[in-house]
Amino acid sequence: MTSALDAIRAAVGDGWSADPAVLAPHLVDWRGRVHGAAAMIVWPRSTAQVAAVVRAAAAGRVPLVPQGGNTGMVGGATPDGTGTGVVVALNRMDGIGAPDLAGLTLVAEAGAILANVHAAAAAAGAAFPLDLAAKGSATIGGLVATNAGGVQVLRHGTMRARIAGLEAVLPSGAVLDQLSPLVKDTSGYDIKQLLIGSEGTLGIVTRVALRLVAAARTTVVAWAGVASPVAALALLQRLRGDLGDVVESFELLPLAGVELVAAHGLKPPLATAAPWQVLIELASVRADPGLAAALADLLADADVLDAVIAQSEAQASELWRIRETLPEAERRDGVAVKHDIAVPVVALPAFVAATTPAIEAAWPGSRVLGFGHLGDGNLHYNVRAPAGSDSAAWAAANGAAITTAINDRVIAVGGSIAAEHGIGSVKAGELARVADPVKLAAMRAIKAALDPLGIMNPGKVIGRDGTIGNGNVVRQRGP
Ligand code: FAD
Ligand code: 2HG
Ligand code: ZN
């Protein structure tokens, strides 16, 4: 093992550390729920260095854990508890190339931070239309590896739709070069698609060709209160039908979510205590001075309880800040039993109407906080502990059963237990419980074919005996 670690160190020059204080922030997830250990961390500076690290690790059977901004929600970037693995942090590979405006693409290294990619695209008069609240830390590699979603998916798709090409180091140390930004390519299996959403278990993403769009000249942001998720969905349908393909974002929050953010100092946008609220963003590449007025007319006529339209960029940012602060406000409020569910869009209102009272009745005092991406059929269906209770103890005692109850209902309507955050270690047990066995067998076969030594982010996604995460209860053990 020592000589294998020596070989890994040699691959990165001075780009490594085994100092416990330096390692510490890389050994716990953003939620502070999953803790691990590692022999060291390395920061390669090039694809060649990543390949050398992987070859040395394969020779010595050293587990590797790729890490970007460490903002993931499911413990995917946290090493297990054995302390034998090496964290491969991509943060020093953060180059961003010049946008190609004819092809509408941009090549970024895996460690490039999302906000910096936004800025680079904007500086050239284009946009990279994938956005989420962790944009100041989340990296392109992490976004690819989780097939991240966020608040623009309903118009522009998830990360998978935004990828034109990709380069990655496979578990053998070989470099897969599919970086060329082809629009069409039917020359055999599209292997890069396997890397997207593989959460570091099939290889390390090193460079990505991203698909851009033309920058919007007109943006309108509004906040509306509605009576129910049914009314919210009807509003979305009306916006799309009446205004055309301009609906960039449509985010749903329950009143409790707005109140939680207000407790952290952000004033609720509406005077009315509407039980459900939506943040709407319309965007058009055309200069369209009539778009705000058209939205105002529609909101006046629709089944809406109250609404405001931002009158300035500053007001628009304030509205977005309320939505984006919700995960952080919930984290500060205590430990929640979290779920990232997707169901067919049309089934979402009925799912909420049936599941929320059932959960709150079965766990008296519990408070469901379901918010997020209504237009994608994706809600963060989180369950908070009874007010005033010890939330960590409550979640430890009840989390697994709550997760089982919710996930069973999700599966029953043809849904997914992991819409946009992935499986990581936290949900590996639940995936094994609820996934189609045919799909699981295919996943295991692919993993065995590409990573026969099992060195690439072991225990994540597919799990292994001894590492079982059921929803929110994580037990990480050695192999
Ligand atoms: P990390 O957390 O470092 O890693 C995530 C996974 O990717 C791990 O399995 C890791 O091993 C793997 N990985 C990282 N880099 C590479 C690489 N180069 N090659 C191979 N594997 C790699 N997610 C959404 O989808 N939508 C949201 O709206 C959203 N909002 C968020 C809001 C907040 C406040 C926070 C904290 C998180 C949010 N997330 C959201 C989750 C998170 O930001 C995304 O999952 C993001 O893609 C993670 O990027 P990262 O660089 O932090 O990855
Ligand atoms: C969001 O949409 C993120 O804000 C985080 O995906 C969700 O904290 C959560 O549960
Ligand atoms: Zn989300």
Looking only at the range 156-168, which residues are within 16 Å of ligand 2 (Cβ to nearest atom) and in contact (Cβ under 8 Å) with a residue 40 or more places away in the chain?
-> His156, Thr158
Thr47 vs. criteria in contact (Cβ under 8 Å) with a residue 40 or more places away in the chain, polar (S, T, N, Q) and within 21 Å of Ala174 (Cα to Cα) = yes
What number of residues within the range 61-84 are closer than 11 Å to Met456 by Cα and away from ligand 1 (no atom under 11 Å from the Cβ)?
-> 3
So which residues in the range 379-400 are within 16 Å of ligand 3 (Cβ to nearest atom) and open to solvent by 10 Å² or more (accessible area, probe 1.4 Å), if there are any at all?
-> His380
Filter the range 219-256 for residues that are touching a Phe, Trp or Tyr at 6+ places or on another chain (Cβ under 8 Å), of a type in the set (A, V, I, L, M) and part of a loop (DSSP other than H, G, I, E, B) and give the result.
-> Ala227
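Before we move on, is Ala222 touching an Asp or Glu at 6+ places or on another chain (Cβ under 9 Å), more than 30 Å from Gly97 (Cβ to Cβ) and open to solvent by less than 50 Å² (accessible area, probe 1.4 Å)?
Numbers: touching an Asp or Glu at 6+ places or on another chain (Cβ under 9 Å): yes; more than 30 Å from Gly97 (Cβ to Cβ): yes; open to solvent by less than 50 Å² (accessible area, probe 1.4 Å): yes.
Taking the combined requirement at face value, the residue satisfies it.
Does Arg323 satisfy the criteria of being open to solvent by less than 20 Å² (accessible area, probe 1.4 Å), part of a helix (DSSP H, G or I) and not aliphatic (A, V, I, L, M)? Please lay out each step first, then the result.
On the way: open to solvent by less than 20 Å² (accessible area, probe 1.4 Å): yes; part of a helix (DSSP H, G or I): yes; not aliphatic (A, V, I, L, M): yes.
Against the criterion (open to solvent by less than 20 Å² (accessible area, probe 1.4 Å), part of a helix (DSSP H, G or I) and not aliphatic (A, V, I, L, M)), Arg323 qualifies.
Is it the case that Leu106 is more than 16 Å from ligand 3 (Cβ to nearest atom) and either at pLDDT below 95 or more than 25 Å from Glu324 (Cβ to Cβ) (or both)? Spell out the reasoning first.
Numbers: more than 16 Å from ligand 3 (Cβ to nearest atom): yes; either at pLDDT below 95 or more than 25 Å from Glu324 (Cβ to Cβ) (or both): no.
Here the answer is no, as Leu106 does not meet what is asked.
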Of all residues in the range 122-144, count the ones that are over 18 Å from Asp29 (Cβ atoms) and away from ligand 2 (no atom under 12 Å from the Cβ).
-> 11
What is the one condition in (1) surrounded by 14 or more Cβ atoms within 10 Å (Cβ to Cβ); (2) away from ligand 1 (no atom under 16 Å from the Cβ) that Leu369 does not satisfy?
-> (2)
Among the residues of the range 64-74, is there at least one that is open to solvent by less than 10 Å² (accessible area, probe 1.4 Å) and closer than 20 Å to Ser172 by Cβ?
-> yes
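Given the criteria over 20 Å from Met456 (Cβ atoms), of a type outside the set (A, V, I, L, M, F, W, C) and in a loop (DSSP other than H, G, I, E, B), does Glu430 qualify?
No: the conditions fail for Glu430.
Scan Gly375, Gly414, Gly422 and give me the residue that is closer than 25 Å to Leu236 by Cα and surrounded by 21 or more Cβ atoms within 10 Å (Cβ to Cβ). Spell out the reasoning first.
On the way: Gly414 fails: surrounded by 21 or more Cβ atoms within 10 Å (Cβ to Cβ); Gly422 fails: closer than 25 Å to Leu236 by Cα.
Going through Gly375, Gly414, Gly422 in turn, just one is closer than 25 Å to Leu236 by Cα and surrounded by 21 or more Cβ atoms within 10 Å (Cβ to Cβ): Gly375.
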Looking only at the range 294-336, count how many residues are more than 16 Å from ligand 3 (Cβ to nearest atom), touching a Lys or Arg at 6+ places or on another chain (Cβ under 8 Å) and not charged (D, E, K, R).
-> 4
Are any of the residues in the range 370-378 more than 21 Å from Gly225 (Cβ to Cβ), of a type in the set (Gly, Ala, Ser) and modelled with pLDDT of 95 or more?
-> yes
Qualifying positions in the range 403-425 - within 16 Å of ligand 3 (Cβ to nearest atom) and either of a type in the set (S, T, N, Q) or at pLDDT below 95 (or both) = Ser416
Residues located in the range 24-62, provided they are open to solvent by 10 Å² or more (accessible area, probe 1.4 Å) and in contact with a strand residue (DSSP E or B) (Cβ under 7 Å, 6 or more places away or on another chain) = His26, Leu27, Val28, Arg33, His35, Ala38, Ala39, Trp43, Thr47
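From Leu266, Leu235, Leu260, which residue is open to solvent by less than 40 Å² (accessible area, probe 1.4 Å) and in contact with a strand residue (DSSP E or B) (Cβ under 7 Å, 6 or more places away or on another chain)? Explain how you work it out, then say what you get.
Working: Leu266 fails: in contact with a strand residue (DSSP E or B) (Cβ under 7 Å, 6 or more places away or on another chain); Leu260 fails: in contact with a strand residue (DSSP E or B) (Cβ under 7 Å, 6 or more places away or on another chain).
Only one candidate passes the filter, namely Leu235.
The values are calculated or read from the model by the stated rules, or taken from the named source; none is laboratory data. Nothing here was measured: the structure is a model prediction, and the numbers come from that model. Glycine also receives a Cβ, built like all others from the backbone with ideal geometry; neighbour counts cover every protein chain displayed. Side chains are part of the model used for accessible areas, which takes the heavy atoms of the whole protein and leaves out ligands, DNA and RNA. Shrake-Rupley method; radii C 1.70, N 1.55, O 1.52, S 1.80 Å.
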